[in-house]
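The structure appears below as structure tokens.
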Amino acid sequence: MNFWHMQMHQSNSPLGIEKDILIHRGVIGLASWDTEEAGQQEAFKNKMKKGDIVAIKKGATPIALVEVDGPYFEKNDDIPYDWLVRRREVKILDWYRPELGLKLSSRGTLIRCDQDGDAESTKSILKWFNLIQSGKMKTEAIDLLKYKKQIILQGPPGTGKTRLAKEIAKELTAPKDLGSPTQKIEEFFKTFNSRKDEYLEIRKEKDKLLSDFQELFPKENLKDLTLESYCIGTGERDNFCWWIERGLKSLGYYFPGSSRSYLIYWNKATGEYSTHYNHSKVLREFIDPKEGMKKLAEVLHGFVNNPSTYDLNSLPFGWSFIIKVLHSYYPEKYFPTNGHKYMVNILNLLGIKSQGKNTYELNLMLQQYFDEKSKEYNCDMRNYEFVNFLRGEFDLHGEIEMISEKVVSKGEFKLIQFHPAYTYEDFVRGIVVETNDGPHPDYKVVDKVLAEFSSKALANKSSNYVLIIDEINRANLPSVLGELIYALEYRFDPEKPEETSVESMYSLRDEGDSEVSEGRILRLPKNLFIIGTMNTADRSVGHIDYAIRRRFAFVDVQPRLDPVHDSAKGYFKEVSSLFVKNYKEVLESEQAPERSDCLSPDFRPEDVWIGHSYFLTDKTGEEAKLEIDIKMKYEVVPLLKEYLKDGILIDEAKVKEVIHTISQ
């Protein structure tokens, strides 16, 4: 591959003619000149080859970088470009942008670059080309990641694998403009059809749930609740708190955080009923849970049967519990959401100010909006159907950001690092120890990094989530991933939930709980992407077996010359010569590397070649030289000696010669 820069216009050509020719004809070319210009014409015809890179310029101003894509030919009847007789077809690689800050020589019509030279034009063209190649690699990796869902960036030390992973993650998780929520909501109300079979079936199911609950716990009889019929934790489904938390979950999720939120609960650690109501003036005097239950039932009975007159602020319960209970008895008067932040997010979407409002007031504001819209459009919609629509369109759990009355959805990426002691319990789901009021601690199953991130992605389908696993091969992958090896390949599909979910060995539900199996479910959504990085020179780490390899795509990340600081390029080439015989061609084109005579036949140069990261600095002048010298002495030289000791490099004299050169 050769690099060139050339001008492509006549003295009287209009401004921008070069761009017109490239776009409309897809060629570069020269006019026919007298004999004094024959050398340039001969070079264009016979020395320029397919695959060469050409910077098109006007004077000293770059216009485009192109790749020669065809043989030389002549054409003189192409009006208005009939003067452009000598031609070659090209592919446009990039248009010049001032922020690139490149400088080209204004002299000459066609000049071939001396790639070993120090000319400003040569440096600029090489920099431009390498930036394009770097961007191309990132684009290809992103396209591959979107298809495969998980990739591994592999390469020798110092090639920028982690940096590339972060750049990919930032691009994938960049904010997205989801448009105007008002327009989407108006359209939903306008076109809603309650007679659709899907709505009729869901309504029948939810109506039965409410009917079953109210039949078990009629509001007129709440004062008769007992410890057995109220308390959760026994593993039975016939108690009031189980229905509020789990039985009616599809009608609005209530998450207590702890059984203590119910004030009285069954304590598995002590094997008896426990209370958690010392904060309540109404209940704190009752030491015996049975007596406390009588008073609690009385309070529950009072506010459920008289919500409009009862002093709800005096209740010992949290607002979320109060709202959930009231909605379970009055589903048309209370909105089916009870989380404060969740409701603030919905109100933000609706353009309704909510500052200074408590959770109960937020709920009433949402129900009022829903009632007004239903009336405006004469729409037979249930409030939970409206919530389901909002949940499918927007991330109601995260941060809602509005710009110019449009919703901006943000994804998220996270970086973790594997190591030999990393386990399934660190990565997916495991047991943690928590203190309690009793003499023995609680052992609780909790989601870890991957399961937590998956839950975020499932809750925000409009954005992407990227998990970067640095040094992915340093852990025992089959052990760490467990059953998720299957889920990596078969991402969650709501239409095929059983086929695209797996069961963990740990359940978020307690053993003995009727929903213990449901608590084992793990799902990896399609908007969750995984990027692993792997140092191919590290032979001390675990082998990636074929089952796991099949689920990842592998992307080679090799050393590059363009990021290397000018003061370190000589050092970089010296070191590269130890690994790659044709390093010059490899660095400046896409040729395959040939093993150097200094490198053991047991190793591929692609796996052990020391990368460009060791030769970078953002300093200038003497500070840059000082930092590069430190890197050579304390990073590169020790690594070369280690390679020599491990038999990776086998020509000791040559290695010592290079060490001497880069240590001066």
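The values are calculated or read from the model by the stated rules, or taken from the named source; none is laboratory data. Keep in mind it's a predicted model, so treat the numbers as computed, not measured. Because the Cβ atoms are built from the backbone with ideal geometry, glycine has one as well, and the counts that use them run over all protein chains shown.
Return the only residue of I79, I53 being of a type outside the set (D, E, K, R), under 27 Å from S134 (Cβ atoms) and either modelled with pLDDT under 90 or crowded, with 16+ Cβ neighbours inside 10 Å (or both).
Unique residue meeting the criteria: I53.
What pairs can you find where one residue is in the range 330-343 and in the same structural domain as L209 (by TED's automatic domain parsing) and in a loop (DSSP other than H, G, I, E, B), the other is surrounded by 18 or more Cβ atoms within 10 Å (Cβ to Cβ) and of a type in the set (S, T, Y), and their Cβ atoms are less than 6 Å apart, with a gap of 6+ or different chains?
Here the result reads P336/Y384; N338/Y254; N338/S320, each pair linking the range 330-343 to a residue that is surrounded by 18 or more Cβ atoms within 10 Å (Cβ to Cβ) and of a type in the set (S, T, Y).
Let me spell it out: the conditions are (1) surrounded by fewer than 16 Cβ atoms within 10 Å (Cβ to Cβ); (2) β-branched (V, I, T); (3) assigned by TED's automatic domain parsing to the domain that holds V325; (4) over 30 Å from N193 (Cβ atoms), and T435 meets all of them except one. Which number is the exception?
With (1) surrounded by fewer than 16 Cβ atoms within 10 Å (Cβ to Cβ); (2) β-branched (V, I, T); (3) assigned by TED's automatic domain parsing to the domain that holds V325; (4) over 30 Å from N193 (Cβ atoms) applied to T435, the lone miss is (3).
Across the range 159-180, which residue is nearest to E140 (Cα to Cα) among those that are modelled with pLDDT under 90 and of a type outside the set (D, E)?
Result: A174.
Please indicate, with yes or no, whether at least one residue in the range 99-110 is more than 16 Å from D562 (Cα to Cα), in a strand (DSSP E or B) and not polar (S, T, N, Q).
yes
Please indicate, with yes or no, whether at least one residue in the range 308-328 is surrounded by 16 or more Cβ atoms within 10 Å (Cβ to Cβ), closer than 22 Å to R237 by Cβ and touching a strand residue (DSSP E or B) at 6+ places or on another chain (Cβ under 8 Å).
Within the range 308-328, none of the residues are surrounded by 16 or more Cβ atoms within 10 Å (Cβ to Cβ), closer than 22 Å to R237 by Cβ and touching a strand residue (DSSP E or B) at 6+ places or on another chain (Cβ under 8 Å).
In the range 276-295, how many are part of a loop (DSSP other than H, G, I, E, B), touching a residue at least 12 places away in the same chain (Cβ under 8 Å) and either surrounded by 18 or more Cβ atoms within 10 Å (Cβ to Cβ) or not assigned by TED's automatic domain parsing to the domain that holds K223 (or both)?
4
Give me the residue from the range 610-630 that is in contact (Cβ under 8 Å) with a residue 40 or more places away in the chain and not β-branched (V, I, T) and, out of that set, surrounded by the fewest Cβ atoms within 10 Å (Cβ to Cβ).
Selected residue: K625.
Could you list all residues from the range 254-267 that are modelled with pLDDT under 90 and hydroxyl-bearing (S, T, Y)?
Scanning the range 254-267 gives S258, S259.
Any idea which of Y634, Y583 is surrounded by 17 or more Cβ atoms within 10 Å (Cβ to Cβ), hydroxyl-bearing (S, T, Y) and free of Cβ contacts under 8 Å to residues at least 60 places away in the same chain? Write out each step before concluding.
Working: Y634 fails: surrounded by 17 or more Cβ atoms within 10 Å (Cβ to Cβ).
One residue alone meets the criteria, Y583.
Output the strands (runs of 3 or more DSSP E) that fall wholly within the range 426-525 and possess 3 or more residues being modelled with pLDDT under 85, or say none.
Details: elements: 429-434, 442-447, 465-470.
Output list reads 442-447.
Here's a check for you: in the range 148-164, which residue that is out of contact with any Pro (no Cβ under 9 Å at 6 or more places or on another chain) and part of a loop (DSSP other than H, G, I, E, B) is surrounded by the fewest Cβ atoms within 10 Å (Cβ to Cβ)?
P157
Within the range 225-264, take every residue that is aromatic (F, W, Y) and within 22 Å of S314 (Cβ to Cβ) and give me the one that is farthest from the chain's Cα centre (by Cα).
Among residues in the range 225-264 that are aromatic (F, W, Y) and within 22 Å of S314 (Cβ to Cβ), the one farthest from the chain's Cα centre (by Cα) is Y230.
Condition (residue is farther than 24 Å from G647 by Cβ and in contact with a helix residue (DSSP H, G or I) (Cβ under 7 Å, 6 or more places away or on another chain)) applied to the range 595-614: is it met by at least one residue?
The answer is yes; a qualifying residue exists.
Name the single residue that is nearest to F44 (Cα to Cα) among those in the range 107-131 being modelled with pLDDT under 85 and small (G, A, S).
Per the stated criteria, the residue is G108.
Check whether at least one residue in the range 187-197 is touching a residue at least 24 places away in the same chain (Cβ under 8 Å), charged (D, E, K, R) and within 19 Å of D371 (Cβ to Cβ), and report yes or no.
Within the range 187-197, one or more residues are touching a residue at least 24 places away in the same chain (Cβ under 8 Å), charged (D, E, K, R) and within 19 Å of D371 (Cβ to Cβ).
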